[in-house]
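Chemist: Sharing a structure below in structure tokens format, with a few things to ask.
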Amino acid sequence: MKLRHFVTLLSLTAIAIPSLNAAEKTAEAAPATKRHALRGIIVAIDTNKSALRIKHEEIPGVMRAMTMQFRVDEAALQSAQVGAAITGLMSRQSDHWLLEEVKITAAK
Ligand SMILES: [Cu+2]
């Protein structure tokens, strides 16, 4: 009886270890895009590029305070006003920076 339990335990371990490794490899192959909370002021609106130029605060460990351009969705573009304070979630895309969940925290 004891030996049988031991054999069962061994076979469960043998199944569990390879599946853990597979999960780790999948995570490495397709890392989720990291999004960072951002706070800033809209300094320009570029409708043609669906982008906002934003003077943002430092994002500790990620980026110093600076003014830079972010691609945004249509709703954010339409509600944007130069001078408005905003928050959003920024992420690096293949060839641009994206700002999602843009919220105006203080209108111009
Ligand atoms: Cu920046």
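Just so it is clear, none of the values below were taken in a lab; they were calculated from the coordinates. Note that the coordinates shown come from a computational prediction; the quantities given were computed from them, not determined experimentally. Every residue, glycine as well, gets a Cβ built from its backbone with ideal geometry; the counts of neighbours run over all protein chains shown.
Chemist: Quote the charge dipole size of region 36-106 about the Cα centre in Debye, to the nearest 20; the model charges only the Cβ of Lys and Arg (+1) and of Asp and Glu (-1). List each step's numbers first, then the result.
Modeler: Working: 8 positive and 8 negative charges, 40 e Å.
That gives region 36-106 a dipole magnitude of about 200 debye.
Chemist: Then there's this: Which order do the peptides 69-78, 49-58 come out in when sorted by mean C-beta neighbours inside 10 angstrom, highest first?
Modeler: Values: 69-78: 16.4, 49-58: 18.0.
By packing density, highest mean first, the sequence is 49-58, 69-78.
Chemist: Remind me, relative contact order of region 36-106 in percent, using alpha carbon pairs under 8 angstrom and six or more residues apart? Mind showing how you got there, number by number?
Modeler: On the way: 157 pairs, mean separation 22.9, N = 71.
Here the relative contact order equals 32 percent.
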